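Novice: My questions will all concern the structure given below.
The values are calculated or read from the model by the stated rules, or taken from the named source; none is laboratory data. None of the values given here were measured: they were computed from a predicted structure. With ideal geometry, Cβ positions are generated from the backbone for all residues, glycine too; neighbour counts draw on all protein chains shown.
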Amino acid sequence: MKSRIFAVLLFVFFAVIFPRPLVGCTGIIAGREATDDGSVLNSQTADGWYDSNLRVIPGEKHPEGSTVPVYYGLLGDEPLPPVELGRIPQAPETYAFFRTAYSCFNEHQLAIGESTIGQKDQLKTFPGEGGAILTVEQLMIIALQRCRTARDAILLIGSLAERYGFLGSCANDGESLSITDPSEAWIMEILGAGFDWQPGSRPGAVWVARRVPDTHAAVLCNVSRITFVDEESADFLFSAGYKEPAIRHGWYDPASGDPFNWRKAYAPDNGPWSPSSMWVRGRLHYIHKRLLPSKQWDPYADTDSYPFSFKPEKPLSIREIMDIFRSGLEGTPFSMEDNPAWLVPGENRNLLKSPKATPFPDRATRELLNIPYMRPIAAKTSYSFITQSRSWLPSAIGGVLWFSPDSPHYSTYAPIYAGAHSIPESWSNFDKTRFSLDSARWAVLLAASLTNGNYQRAIQSLRSIRDPLEKKTLDDFQGWDREAARVFLEKGALPDGWIDERVSGKLMEIHRTYEEILSLLIREGTIIDLW
């Protein structure tokens with residue numbers, strides 16, 4: 001009981017003093033020949049105060065002529081419920097998918113990640129102004145419900161946005177999507193048609209998509225990654241009028257003879273989501289430096305110096321993406337934990353790093369110590385995920401969603417097969433207005449807040465329990481795979497409930513373990529130190 005009282009008090013302290021801003025998202029994708037097991041990988045950190053509840057929405061059959069509503073406000077970051085903007089024709093059949101703020105995975109191993117990108121002001125759309133009604137989060141849901149492949153998802157998202165209008169929901173800006181299936185990985189970028197767009201006047205969006213080679217990985221980090229479009233190549237998809245707004249607004253002159261540069265034409269010249277932003281370039285630098293360590297990467301280089309995609313020097317793994325998402329940009333000039341402002345006098349007047357030094361200092365601490373903000377890989381994260389799409393296995397077990405509530409630096413990842421039919425209530429009952437340790441995310445969020453406030457000591461305590469749990473999870477998952485392969489070989493199908501039993505058991509084990517972590521942090525006096 002005392003533990004819960006202290007937990008509530010601490011939550012109030014952090015929630016009031018350090019509210020969470022919108023801070024954008026990071027993603028990494030990799031083709032099947034660039035990974036350690038031959039799977040296609042997709043991932044995202046959902047950075048902002050978003051709906052982190054994980055739910056399975058079952059597939060259904062629908063009568064001919066039926067329609068489906070589309071909404072604004074599906075991210076869960078607004079105080080009001082979603083608002084219906086209109087209706088579009090329903091598909092005869094929809095597939096099961098995993099619902100989050102940015103819904104991410106379906107029963108056929110189709111995965112979609114998201115990262116907002118800047119667009120010029122003339123392209124922005126606003127709810128209630130003009131006729132655009134389809135946000136990126138709504139388009140992701142529709143694609144997951146109706147598509148099996150990445151190419152089909154790109155074409156569906158593009159055609160719907162052109163017909164019904166793309167509505168920017170995050171700062172009224174554009175979006176980049178990482179779209180993968182068991183065979184291919186793509187990046188799609190979609191922009192609006194302006195606040196005054198009306199249906200039938202012109203296409204309601206412009207978009208391009210580029211395939212990531214099978215041997216390559218690529219990074220999404222709130223900036224356009226596509227420059228030139230090869231219209232003759234099967235590795236590019238694009239809307240018919242993707243150059244038209246640039247020509248109409250004078251951003252590109254076809255008579256110049258210069259090739260059309262998508263990013264140069266449409267990206268904003270300045271701001272946090274522009275190609276010149278260090279908020280963007282710091283992440284590009286860290287990830288490229290980590291995955292291509294033999295090359296010298298200038299931490300202050302222009303965005304244009306980084307390739308669209310690249311071949312990692314060693315095959316990319318689930319574990320590697322987890323570690324990247326947990327990074328505090330260590331080993332770069334952007335690490336806030338290594339700022340000299342954290343040095344304090346020790347014995348014999350030696351300067352030592354303060355026990356409060358953290359890779360993620362809050363604004364008040366940064367202002368007190370004059371530490372410049374450097375945007376880490378994952379910042380104020382509501383959840384993150386990594387997906388595996390494995391072509392050699394039935395989709396029910398070939399697809400795996402590795403899901404982590406709250407900040408990946410303090411959290412852990414749970415493996416959830418694509419064939420799962422249900423998620424335990426404690427992973428889908430988070431309410432940001434009501435604290436409860438019956439919620440898995442609240443347990444992780446509170447552990448993260450406790451640890452961050454006394455980081456140098458508390459992170460060791462958290463890892464002493466979290467890391468063995470994570471090793472056990474990976475071992476358990478490998479055991480599930482072996483068992484599933486054997487059962488499929490012998491019987492041709494898994495018994496009813498086999499997947500849900502294992503997934504639910506693991507999710508509940510993680511929740512219980514984070515309650516143990518909270519107890520340890522409290523016993524060690526973290527709260528007393530903070531207050």
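Novice: Among the residues of the range 228-236, is any of a type in the set (D, E, K, R), buried (at least 21 other Cβ atoms within 10 Å of the Cβ) and not in a strand (DSSP E or B)? Reasoning before the result, please.
Specialist: Start the filter on the range 228-236 by keeping residues that are of a type in the set (D, E, K, R), which leaves 230-232, 235.
Add one more test, that the residue is buried (at least 21 other Cβ atoms within 10 Å of the Cβ), and what stays is none.
There is no residue in the range 228-236 that is of a type in the set (D, E, K, R), buried (at least 21 other Cβ atoms within 10 Å of the Cβ) and not in a strand (DSSP E or B).
Novice: For Ser404, state whether it is under 18 Å from Val444 (Cα atoms) and either under 26 Å from the mean Cα position of the chain (by Cα) or part of a loop (DSSP other than H, G, I, E, B) (or both). Give the derivation first.
Specialist: Values: under 18 Å from Val444 (Cα atoms): yes; either under 26 Å from the mean Cα position of the chain (by Cα) or part of a loop (DSSP other than H, G, I, E, B) (or both): yes.
Considered against the rule, which asks whether it is under 18 Å from Val444 (Cα atoms) and either under 26 Å from the mean Cα position of the chain (by Cα) or part of a loop (DSSP other than H, G, I, E, B) (or both), Ser404 comes out as yes.
Novice: When the residues of the range 281-324 are narrowed to those that are over 22 Å from the mean Cα position of the chain (by Cα), part of a loop (DSSP other than H, G, I, E, B) and hydroxyl-bearing (Ser, Thr, Tyr), which ends up nearest to Ser224 (Cα to Cα)?
Specialist: Tyr300
Novice: For the range 366-374, does any single residue satisfy the condition of being within 27 Å of Glu114 (Cα to Cα), assigned to a loop (DSSP other than H, G, I, E, B) and within 22 Å of the chain's Cα centre (by Cα)?
Specialist: So far as the range 366-374 goes, yes, one or more of its residues are within 27 Å of Glu114 (Cα to Cα), assigned to a loop (DSSP other than H, G, I, E, B) and within 22 Å of the chain's Cα centre (by Cα).
Novice: Something else about it: Which of the following residues is surrounded by 12 or more Cβ atoms within 10 Å (Cβ to Cβ), among the small types (Gly, Ala, Ser) and outside any helix (DSSP H, G or I): Ser436, Ser461? Working first, answer last.
Specialist: On the way: Ser461 fails: outside any helix (DSSP H, G or I).
Checking each option against the conditions leaves just Ser436.
Novice: Taking only the range 161-189 into account, find how many residues are touching a Leu at 6+ places or on another chain (Cβ under 7 Å) and over 24 Å from Ala267 (Cβ atoms).
Specialist: 2
Novice: OK, next. Suppose we keep only residues that are in contact (Cβ under 8 Å) with a residue 60 or more places away in the chain and assigned to a loop (DSSP other than H, G, I, E, B) within the range 237-251. Which one would you say is farthest from Pro275 (Cα to Cα)?
Specialist: Among those residues, the one meeting the criterion is Ser239.
Novice: Is it fair to say Arg375 is at pLDDT below 95 and either surrounded by fewer than 21 Cβ atoms within 10 Å (Cβ to Cβ) or in contact with a helix residue (DSSP H, G or I) (Cβ under 6 Å, 6 or more places away or on another chain) (or both)?
Specialist: Details: at pLDDT below 95: yes; either surrounded by fewer than 21 Cβ atoms within 10 Å (Cβ to Cβ) or in contact with a helix residue (DSSP H, G or I) (Cβ under 6 Å, 6 or more places away or on another chain) (or both): yes.
Yes.
Novice: Going residue by residue through the range 340-349, is there one that turns out to be buried (at least 19 other Cβ atoms within 10 Å of the Cβ), in contact with a strand residue (DSSP E or B) (Cβ under 7 Å, 6 or more places away or on another chain), part of a helix (DSSP H, G or I) and at pLDDT 95 or above? Don't jump to the end; show me each part of the working.
Specialist: At the first step, the residues of the range 340-349 found to be buried (at least 19 other Cβ atoms within 10 Å of the Cβ) are 342.
Filter once more, so that each one left must be in contact with a strand residue (DSSP E or B) (Cβ under 7 Å, 6 or more places away or on another chain): 342.
Then keep just the ones that are part of a helix (DSSP H, G or I); that gives 342.
Add one more test, that the residue is at pLDDT 95 or above, and what stays is 342.
Within the range 340-349, one or more residues are buried (at least 19 other Cβ atoms within 10 Å of the Cβ), in contact with a strand residue (DSSP E or B) (Cβ under 7 Å, 6 or more places away or on another chain), part of a helix (DSSP H, G or I) and at pLDDT 95 or above.
Novice: Considering each residue of the range 487-513, count those that are more than 30 Å from Ile465 (Cα to Cα) and either in contact with a helix residue (DSSP H, G or I) (Cβ under 7 Å, 6 or more places away or on another chain) or touching a residue at least 12 places away in the same chain (Cβ under 8 Å) (or both), and give that number. Walk me through it before giving the result.
Specialist: Within the range 487-513, the subset more than 30 Å from Ile465 (Cα to Cα) is 487-496.
Keeping just the survivors that are either in contact with a helix residue (DSSP H, G or I) (Cβ under 7 Å, 6 or more places away or on another chain) or touching a residue at least 12 places away in the same chain (Cβ under 8 Å) (or both) gives 488, 494.
Looking only at that region, the number is 2.
Novice: Going by what's in this entry, would Asp37 be described as closer than 30 Å to Pro415 by Cα, surrounded by fewer than 16 Cβ atoms within 10 Å (Cβ to Cβ) and touching a Ser or Thr at 6+ places or on another chain (Cβ under 8 Å)? Break it down stepwise before answering.
Specialist: Details: closer than 30 Å to Pro415 by Cα: yes; surrounded by fewer than 16 Cβ atoms within 10 Å (Cβ to Cβ): yes; touching a Ser or Thr at 6+ places or on another chain (Cβ under 8 Å): yes.
Considered against the rule, which asks whether it is closer than 30 Å to Pro415 by Cα, surrounded by fewer than 16 Cβ atoms within 10 Å (Cβ to Cβ) and touching a Ser or Thr at 6+ places or on another chain (Cβ under 8 Å), Asp37 comes out as yes.
Novice: If the requirement is being over 25 Å from Gly328 (Cα atoms) and touching a strand residue (DSSP E or B) at 6+ places or on another chain (Cβ under 8 Å), which of these qualifies: Lys506, Lys491?
Specialist: Details: Lys491 fails: touching a strand residue (DSSP E or B) at 6+ places or on another chain (Cβ under 8 Å).
Among Lys506, Lys491, only Lys506 is over 25 Å from Gly328 (Cα atoms) and touching a strand residue (DSSP E or B) at 6+ places or on another chain (Cβ under 8 Å).
Novice: Taking the condition of being outside any loop (DSSP other than H, G, I, E, B) and touching a residue at least 24 places away in the same chain (Cβ under 8 Å), how many residues in the range 252-280 meet it? Before the answer, list the steps.
Specialist: First, pick out the residues of the range 252-280 that are outside any loop (DSSP other than H, G, I, E, B): 254-256, 261-266, 278-280.
Restricting the remaining residues to those that are touching a residue at least 24 places away in the same chain (Cβ under 8 Å) gives 261-264, 266, 278-280.
Result for the range 252-280: 8.
Novice: Taking the criterion of being closer than 23 Å to Thr358 by Cα and modelled with pLDDT of 95 or more, would at least one residue in the range 428-439 satisfy it?
Specialist: Restricting attention to the range 428-439, the residues satisfying the condition of being closer than 23 Å to Thr358 by Cα are none.
Within the range 428-439, none of the residues are closer than 23 Å to Thr358 by Cα and modelled with pLDDT of 95 or more.
Novice: Does Leu474 fit the bill of being within 25 Å of Tyr410 (Cβ to Cβ) and either among the hydrophobic types (A, V, I, L, M, F, W, C) or surrounded by fewer than 20 Cβ atoms within 10 Å (Cβ to Cβ) (or both)? Talk me through it step by step, then tell me what you get.
Specialist: Numbers: within 25 Å of Tyr410 (Cβ to Cβ): yes; either among the hydrophobic types (A, V, I, L, M, F, W, C) or surrounded by fewer than 20 Cβ atoms within 10 Å (Cβ to Cβ) (or both): yes.
So Leu474 passes the test.
Novice: Considering each residue of the range 71-97, count those that are part of a strand (DSSP E or B) and either within 17 Å of Ala132 (Cβ to Cβ) or at pLDDT below 95 (or both), and give that number.
Specialist: 8
Novice: Right, here's the next one. Has the range 483-504 got any residue that is closer than 25 Å to Ala448 by Cβ, in contact with a Pro (Cβ under 8 Å, 6 or more places away or on another chain), assigned to a helix (DSSP H, G or I) and not basic (Lys, Arg)? It would help to see each step written out before you state the result.
Specialist: Within the range 483-504, the subset closer than 25 Å to Ala448 by Cβ is 503-504.
Now drop any that are not in contact with a Pro (Cβ under 8 Å, 6 or more places away or on another chain), which leaves 503-504.
Next, from what is left, pick out any that are assigned to a helix (DSSP H, G or I): 503-504.
From the residues that got through so far, the ones that are not basic (Lys, Arg) too are 503-504.
Among the residues of the range 483-504, at least one is closer than 25 Å to Ala448 by Cβ, in contact with a Pro (Cβ under 8 Å, 6 or more places away or on another chain), assigned to a helix (DSSP H, G or I) and not basic (Lys, Arg), which makes the answer yes.
Per-residue answers, yes or no, for (1) farther than 19 Å from Ser411 by Cβ; (2) surrounded by 14 or more Cβ atoms within 10 Å (Cβ to Cβ); (3) at pLDDT 95 or above:
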residue	(1), (2), (3)
Leu489	yes, no, no
Leu494	yes, yes, no
Gly505	no, no, yes
Ile517	no, yes, yes
Glu524	yes, yes, no
Trp531	yes, no, no
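Novice: Examine the range 98-117 for a residue that is modelled with pLDDT of 95 or more, part of a loop (DSSP other than H, G, I, E, B) and small (Gly, Ala, Ser), and state whether such a residue exists.
Specialist: Taking the range 98-117 as the starting set, the residues that turn out to be modelled with pLDDT of 95 or more are 98-117.
Narrowing the set further to residues that are part of a loop (DSSP other than H, G, I, E, B) leaves 100-104, 107-110.
Remaining after also requiring small (Gly, Ala, Ser): 101, 103.
For the range 98-117, residues modelled with pLDDT of 95 or more, part of a loop (DSSP other than H, G, I, E, B) and small (Gly, Ala, Ser): present.
Novice: Condition first: aliphatic (A, V, I, L, M) and closer than 28 Å to Asp269 by Cβ. Now tell me which residues in the range 122-153 satisfy that. Give the steps one after another, and end with the answer.
Specialist: Within the range 122-153, the subset aliphatic (A, V, I, L, M) is 123, 132-134, 136, 139-144, 150, 153.
Once the filter is applied, which keeps residues that are aliphatic (A, V, I, L, M) and closer than 28 Å to Asp269 by Cβ, the range 122-153 yields Leu123, Ala132, Leu134, Val136, Leu139.
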